[in-house]
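As structure tokens, the structure follows; a few thoughts come after it.
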Amino acid sequence: MKVQIENVSFSYDQQPTLKNIDLTVEPGTLLALVGPNGSGKSTLLNLISGLLKPSQGHIYLDAVPLEQFKPQQLSQKLAALEQEHPVSFDFTVQEVIQWGRIPHRSRFSPWTDHDEHIARNVMQTTKTMSLAQRSIRDLSGGERQRAFIAMALAQEPQLLLLDEPTAHLDLKHQFEILELARQLTQQGMTLIMAIHDLHLAAQYADQMAILNEGELVQHGPPTSVLTEETIKAVWNISSKIVHKNGAFYIFPRHLQP
């Protein structure tokens, strides 16, 4: 799915949060949204998902204005996961994943063989098959994140939005989530994620959009837009960037006065 964001602005209580954002994400792209806290990353994801409406500008999914989609149509096109997933219920992982089929079913329609096929496929993709009968409340952070991603994938989305999918996870689970993200885009899905870790973003993303104080500072391949000058201007940190054997390393030095 192609995502086009044209001259989009948004304000909370008349305070500008995003200003004149122009951004295009091609199908099958993994785009990392990076920037300091409060730069507008989560707000932009909420605008793309339709949870918020721009105060200015338009967002298009495959050239169709976002506002033209009915809620059920939109939930069949995209899935979005927020940073936090409060769990106050005791359903099994399999039951949670089945919720992802709701956009494709009428209110009282029975569970079908096709629904079962999709659920099993996403459990295999996300490596949650062995967790199917466990309570969602009993899982580790990484296991729970994979379960919720499986639920989102059960919607059969063409666009997946993730807000800090690696937050609070250990290194192993961070890599598992990002390897899964890369796998999904290689299969043709478009994926946009907000992420703080610049090393991981540079390693896995096809494109990077750097936000600062609600403005789009840079957009392009990570190794092109993530420069020492940009890190200093956006994060106020002096750094050294090293390219070696195809890898990308950022060595922070000190805060600027």
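Cβ contacts < 6 Å: first residue of a type in the set (Asp, Glu), restricted to the range 74-93; second residue at pLDDT 80 or above, any location; separation 6+ or different chain. Result?
Between residues of the range 74-93 that are of a type in the set (Asp, Glu) and residues that are at pLDDT 80 or above, the close pairs are Glu82/Asp163; Asp90/Ser135; Asp90/Arg137.
Here are Ala194, Ala201, Ala205, Ala181: which of them is small (Gly, Ala, Ser), touching a helix residue (DSSP H, G or I) at 6+ places or on another chain (Cβ under 7 Å), within 29 Å of His114 (Cα to Cα) and touching a residue at least 60 places away in the same chain (Cβ under 8 Å)?
When all the criteria are applied, what remains is Ala181.
Test Gly214 against the stated conditions and say whether it is modelled with pLDDT of 90 or more, in contact with a Phe, Trp or Tyr (Cβ under 9 Å, 6 or more places away or on another chain) and open to solvent by less than 80 Å² (accessible area, probe 1.4 Å).
yes
Any residue that is part of a loop (DSSP other than H, G, I, E, B) and open to solvent by 10 Å² or more (accessible area, probe 1.4 Å) - is there at least one of those in the range 171-182?
No - not one qualifying residue is present in the range 171-182.
Could you please find all residues in the range 40-73 being over 14 Å from Val3 (Cα atoms) and out of contact with any helix residue (DSSP H, G or I) (no Cβ under 8 Å at 6 or more places or on another chain)?
Gly40, Lys41, Ser42, Thr43, Leu51, Ser55, Gln56, Gln68, Lys70, Pro71, Gln73, listed by residue number.
I'd like the residue in the range 76-94 that is open to solvent by less than 30 Å² (accessible area, probe 1.4 Å) and in contact with a Pro (Cβ under 8 Å, 6 or more places away or on another chain) and, out of all such residues, is modelled with the lowest pLDDT.
It comes out as Leu81.
The rows are residues; the columns are (1) over 27 Å from Arg182 (Cβ atoms); (2) more than 14 Å from the chain's Cα centre (by Cα); (3) charged (D, E, K, R).
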{"site": "Gln15", "(1), (2), (3)": "yes, yes, no"}
{"site": "Val34", "(1), (2), (3)": "no, no, no"}
{"site": "Ser49", "(1), (2), (3)": "no, no, no"}
{"site": "Pro54", "(1), (2), (3)": "yes, yes, no"}
{"site": "Ile59", "(1), (2), (3)": "no, yes, no"}
{"site": "Gln76", "(1), (2), (3)": "no, yes, no"}
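From the set of residues in the range 183-203 that are of a type outside the set (A, V, I, L, M, F, W, C) and under 23 Å from Ile59 (Cα atoms), which is surrounded by the fewest Cβ atoms within 10 Å (Cβ to Cβ)?
Gly188
Scan the range 34-50 and give yes if some residue there is over 26 Å from Gly142 (Cα atoms) and open to solvent by 20 Å² or more (accessible area, probe 1.4 Å), otherwise no.
Yes.
What number goes with the only condition from (1) under 22 Å from Met189 (Cα atoms); (2) out of contact with any Lys or Arg (no Cβ under 7 Å at 6 or more places or on another chain); (3) crowded, with 17+ Cβ neighbours inside 10 Å that Leu131 does not pass?
(1)
The values are calculated or read from the model by the stated rules, or taken from the named source; none is laboratory data. Quick caveat, the model's predicted, so the values are computed rather than measured. Please note: Cβ atoms are built from the backbone with ideal geometry, for glycine as well, and neighbour counts cover all protein chains shown. All accessible areas refer to the heavy atoms of the entire protein, side chains included, with ligands and DNA or RNA removed. Shrake-Rupley method; radii C 1.70, N 1.55, O 1.52, S 1.80 Å.
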